[in-house]
Each structure stands twice: as C-alpha cells, then as structure tokens.
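Structure first, then comments.
The values are calculated or read from the model by the stated rules, or taken from the named source; none is laboratory data. Predicted model, so just to flag it, every value in this text is computed and none were measured. Heads up, the Cβs are rebuilt from the backbone with ideal geometry, glycines too, and the neighbour counts pull from every protein chain shown.
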Amino acid sequence: MCEKTNKIGVALIDSRPLTRMSISHLLTTLSDDFVILSYPGIDEFVADYLEPPYKIEMILINLGAVRVSEHHISNGIQQLKHKHPDSPLVLLSDRDELADILDAIQIGVRGYISSTFNPAKIIHSLRLVISGGSIIPSKALLEIIEKATKPIAEERPNGGKVDPAVLRTFTSRQLEVFELMRQGKSNKFIAYELGMQECTVKVHVREIMAKLKATNRTHAAFLASQISSMEH
C-alpha cells in the first residue's frame, strides 16, 4: 500500500556515538519533517526495528573511512536490501575513490554522499533519493554507464544498442513513464505529472527496465537516450 505521512522516517546507522548524534541533530535541525531513528550498527537495526507510525523512507549509513567492500559492510547492505527492499540505501563516506563508489553502486546503493558536502547539499541529496532519484558523484557516472552497458553490448549483435521496436511492447502508460524517465525525472515527479501514485510508478519503472534489459535506472536512462537518438 502507498502510505502518506507528513513525517519522513530515516534510519541512521553509525557505529560512532558522537558522529551519530551530530548527524541526527543536523538532519532534524535543518529539516523539521525528518524523524531520525539511530542505530549503532546494521545488526542492531535489523534486530530492533519495529514499524513505527510512519514509514522508513530511507536508510542512511555513515561509513566514515570504512570501505564498502569490507565483508561486514557489503554483507550488511545485502541484508538490509532483503529486509527492507522498498527503503533506498544511502552511504555517507569519507572516501571518494572511484573503486569505492563503483562498489557501492554495484551492490545496489541509491546514493553515495561525500562527508565533504556542506549540510545544505547533504539535505538536498537525501531529499532527491527519497523522491526516487539517485546520487552518484559525477566523476563515477561515465564509468558506471560503461560497466553497465559492456556485458549487454557483448550479447547483442548491434553492439548493445536497443531496437526501437521494443517500444511497441510498452503499454500507453509505460510510454508516458518512459518519456519522463528519459528526461531524468524522479518517480515523485512522474507520479505528480501523470496523476499516479508513486508506488504505481515504481511498478512501471521495474517493468520498463525488464523490457529494456537494463541493469539499473541509470542504465535504463542511457538506453532510452540511445532510442531517442536513433529515432531522430
């Protein structure tokens, strides 16, 4: 079901008490509609979390200098994805190496935020993820697209391009959603523009990605741009 609430529930996971309290205070001070539930670790969140009166809209993990590839982090993220598949995961990290960013995207994280961001930019980034978008540092974006499209390019005889005929398999509603996806619009914007509920938009997005054989939303947008360029 699609639940409407005036409060945005955010689960904050941080092993360090001082930074956990500081981030919680920052988020609630700058955004009075954020409700923060703080946990010292992923295991504690999974074990102790009970559905509150408001839905958890996002899970924010402050890694500090810990690498995404470390076993307890990557396994913990997979556990969170299994237990809370509808709550996007965002990482706050002191590291900005490309390898760490790519590791995060590969395991399904929706946002990777540098701890060097100013507070206003962090709040804006979190709101973008909650509304259906993704936060990917610009320096990693081109390599992510290249890695995402390479396996499909090897499988397809036309070098990885999508046959525009695939659009004929879309319903009229999927075509409307697809066009707004191609423009980079978030699920929240698409829902408002088309007069739909956001959870319905998510269903259409998943079906569109399946038909395009896209590995993620970024890849779907890239394939959509290919179709657009071939049609003009």
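Brief remarks follow.
- Those residues of the range 165-192 which are outside any helix (DSSP H, G or I), crowded, with 16+ Cβ neighbours inside 10 Å and under 16 Å from the mean Cα position of the chain (by Cα), in sequence order: LYS185, SER186
Quick grid of which residues meet (1) at pLDDT 90 or above; (2) surrounded by 13 or more Cβ atoms within 10 Å (Cβ to Cβ); (3) outside any helix (DSSP H, G or I):
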{"residue": "LEU18", "(1), (2), (3)": "yes, no, no"}
{"residue": "SER24", "(1), (2), (3)": "yes, yes, no"}
{"residue": "LEU37", "(1), (2), (3)": "no, yes, yes"}
{"residue": "ALA47", "(1), (2), (3)": "no, no, no"}
{"residue": "LEU60", "(1), (2), (3)": "yes, yes, yes"}
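- The residues of the range 76-130 that are under 19 Å from THR218 (Cβ atoms) and β-branched (Val, Ile, Thr), listed by number, are ILE77, VAL90, ILE101, ILE105, ILE107, VAL109, ILE113, VAL129, ILE130.
- Filtered residues of the range 26-35 (kept if out of contact with any Phe, Trp or Tyr (no Cβ under 7 Å at 6 or more places or on another chain), in contact (Cβ under 8 Å) with a residue 12 or more places away in the chain and assigned to a helix (DSSP H, G or I)): LEU26, LEU30
- Within the range 134-143, the presence of a residue that is in a helix (DSSP H, G or I), acidic (Asp, Glu) and at pLDDT 85 or above is excluded.
Residue by residue, here is whether (1) in a loop (DSSP other than H, G, I, E, B); (2) among the acidic types (Asp, Glu) holds:
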{"residue": "VAL66", "(1), (2)": "yes, no"}
{"residue": "HIS82", "(1), (2)": "no, no"}
{"residue": "ASP86", "(1), (2)": "yes, yes"}
{"residue": "ASP96", "(1), (2)": "yes, yes"}
{"residue": "VAL109", "(1), (2)": "yes, no"}
{"residue": "ALA120", "(1), (2)": "no, no"}
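- Filtered residues of the range 81-99 (kept if in contact with a Ser or Thr (Cβ under 8 Å, 6 or more places away or on another chain) and among the hydroxyl-bearing types (Ser, Thr, Tyr)): SER93
- Annotation note: Cβ proximity below 6 Å between a residue of the range 75-95 that is in the same structural domain as THR116 (by TED's automatic domain parsing) and a residue that is among the β-branched types (Val, Ile, Thr) and in a loop (DSSP other than H, G, I, E, B) (sequence gap 6+ or interchain) occurs for ILE77/ILE107; LEU89/VAL109; LEU91/VAL109.
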